[in-house]
Amino acid sequence: GAQVAEFAGDVVLKILANIPVLLLAFVPLIIFFAKNPIVNFLKDKGIIPEHYFVEGGTSETGTIFRNDRILTRLFLVTAALVTFTFALLFVNVGDRSVNSAYDLYYETNDPLVASGKLGLITAMRIDLRHFLFTNETDIPIVDTLPEDVVIKDPDTDHAGTDTNITDPVDDPEDPSATLEPEPTVAPQKEHVFPIDFATISAAESNDSLRNMALYFNDIEPSKSNDQTGIFKGYNLIFITAESYSAYSADPDLTPTLWHIQENGIKFNNFYNPIWGVSTSDGEYTGITGLAPKPGVWSLSKSAENNMALTPGNMLRRLGYSTSAWHNHTYTYYGRDVSHPNLGYDTYKGLGNGLEVKKTWPESDLEMMELCYDEFSDTEPFHAYFMTVSGHMNYTFRGNAMATKNRDYVKDLPYNEGGRAYMATQIELDKAIEYLLQRLREDGIADRTLIVLNADHYPYGLEKEDYDQLAGKTLEENFEIYHNSLIMYVDGKEPMVVDKVCFTLDILPTVYNLMDIPYDSRLLMGSDVFSEREPLAFFVNRSWITGKGSYNAVTKEFIPTPGLTLEDQEAYIEKITQIVRNKFKFSTQILDYDYYERVLPESIWEIVNKDSGYPPDR
């Protein structure tokens, strides 16, 4: 109730803006109160004889209806039953591919797509069913590409297994070019824990848990690579930035965001999907490496579980001090329960120790000023931030951060929405500027990894305003989710990565860069620098790989330019099954508290013994 009250103003504004559309909702009510339009139509057409409606009729006239209400009700009930029966028949005899009517009715819970295919009421009923009952749909276990899919590409390997890091190469066509002897390559180690999934599966009586063990046993783990451990022992600052967009990084307006975006590890093909519970699910995917469960607050629900693989728990176990900060109400989305469980010894927000000025939204800069000395007091440290200054609505009436920074954006060639949004991002920029300044003053900027990821793109902007900000019309199934992932260490050489990646890849990538022991099979994303096939997937089950993109709603596959798939349908089917598995087993990890089952304390004693942590200072 309190959470609804906090956004009451936003709700009122949205209602006022949509009054014309809302008025249409009353049209059926008006028709309903008209005098029996259905029966009148049947009478006028002579389909039902007039004497059936004569009050006080005799047995000679047949069934007596003292008024037409009974007939109306019988007609409506019969029509509803017939319609439902035929609809169910068509659902069961039709297409059964992902996002088909059958899939949405029986298997996949995606209220947005389902409401378009099955209707809003049916979609709501299905969502309730998934919430109340565990769905044990038997999806084929697939996590590797089929061997019979042939890739034809005469020029370059678009499989995407290469991270495509920008680097000079020898020209084989140049006779003057000399070939350097290949360096000695250290043996690759697998990112796995000593978990015997085969034994776990054989001993398990629960079918779902047995299938989970089989699934994780069959996954090929990622391995160490030339980027493994380049930030080993560094402090970690992880920021989930409210509604951040790469388009808001500007060398003049937001110079610090621009600097860290352009001078860190730059991921050119990073996607930031929006999930069912926007901000909370955006947090969840970034710091768990799992897809959220539809229909619930996954982050809040995770408070009941062992969340052993989150950065807070992983780094605390390795000797780091850990803290989490949020500059809005500390209980919002149940963070007062979820965040301590994520491994943060300290969690402070507005109302339990982080005394930022209560505005809407609150200031990111003020949060950073208030908490820096506390979280950086002891090295090594890991600090997590969920910012709020970039929150909608994007107007200069009712958004304190937009009003505060209005003068900076008054001359921008955007609509009010775009200008107000940029004003909110200036506050985030000031916070990052302050953070970098303090890290440099303390002499630790060159050993602190800053990771900045948006919870979602700024969907609070009208599409026209976001297009204006981007300088182009954004395609709405993939391109609108293209964003910036920032990984920055002061003074390090910039690096450009062209490999496709997305939010769930952040955690395994950070663990590889910091050489933190983890089991890559238990996360649904991949280390971007590994040799694994890249895969970014979205809430509607669409996906992008190094070989192309597939729109699961329109069923359209667009191959990567210059690449031909010999059996395109087989490739689409396999990747689609992989995506479905990742949603399914992410949900089951949450539902069955799976880390508690497979990660006993004895595992940590083994994997952390030779980890090289905690680092010497």
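Values in this text are rule-based calculations from the coordinates and carry no lab data. None of these values were measured; they are calculated from a predicted model. Cβ sites come from the backbone with ideal geometry, for glycine too, and all protein chains shown count toward neighbours.
Which links in 348/582; 301/584; 492/609; 301/547; 117/582 stretch past 26 Å when you go from one Cα to the other?
Values: 348/582 33 Å; 301/584 16 Å; 492/609 29 Å; 301/547 36 Å; 117/582 23 Å.
Flagged as over cut-off: 348/582; 492/609; 301/547.
Got a sec to turn the phi values of the range 402-416 into Karplus ³J(HN,Hα) couplings, 6.51 cos²θ - 1.76 cosθ + 1.60 with θ = phi - 60°, whole Hz, x for Gly and Pro?
Karplus values, whole Hz, x for Gly and Pro: 5, 5, 4, 10, 4, 4, 5, 10, 4, 9, 5, x, 10, 5, 4.
Mind listing the phi-derived Karplus ³J(HN,Hα) values for the range 305-314, rounded to whole Hz, using 6.51, -1.76 and 1.60 with θ = phi - 60°, and x for any glycine or proline?
Couplings: 10, 7, 9, 5, 9, 6, x, x, 5, 4 Hz.
Expressed as a whole number of Å, what is the distance separating the alpha-carbon centroids of the range 297-335 and the range 196-257?
Result: 15 Å between the Cα centres.
Using the Kirkwood radius over C-alpha pairs as Rh, can you work out the diffusion coefficient of the range 418-487 via Stokes-Einstein at 37 °C, viscosity 0.692 mPa s, in µm² per second?
It comes out at roughly 231 µm²/s.
Which lysines, on any chain, are close to residue 14 with Cα under 20 Å apart, when same-chain ones fewer than 8 places away are left out?
Cross-link targets: 463.
Could the peptides 218-224, 574-580, 291-297, 469-475 be put in order, highest first, of the mean number of other beta-carbon atoms found within 10 Å of their residues?
Order by mean packing, descending: 291-297, 574-580, 218-224, 469-475.
What is the ratio of the Cα radius of gyration of the range 193-244 to 2.2 N^0.38 Å, with N the residue count, to two decimals?
1.81
Against the globular-protein guess of 2.2 N^0.38 Å, express the Cα radius of gyration of the range 256-362 as a ratio, rounded to two decimals.
1.17
Between residue 352 and residues 5 or more places away or on another chain, which pairs have amide H atoms under 5 Å apart, with H built 1.01 Å from N, and which residues are they?
Placed amide hydrogens put 330 under 5 Å from residue 352.
Once you have a ≥ b ≥ c as the square roots of the Cα gyration tensor eigenvalues for the range 491-617, tell me rounded if a/c is under 1.5, and otherwise prolate or oblate according to whether a/b is larger than b/c.
oblate
Return a whole-number percent for the relative contact order of the range 297-411, with Cα pairs under 8 Å and 6 or more residues apart as the contact set.
27
Going by amide H atoms built from the backbone, whose H comes under 5 Å of the H on residue 454, apart from near neighbours?
241
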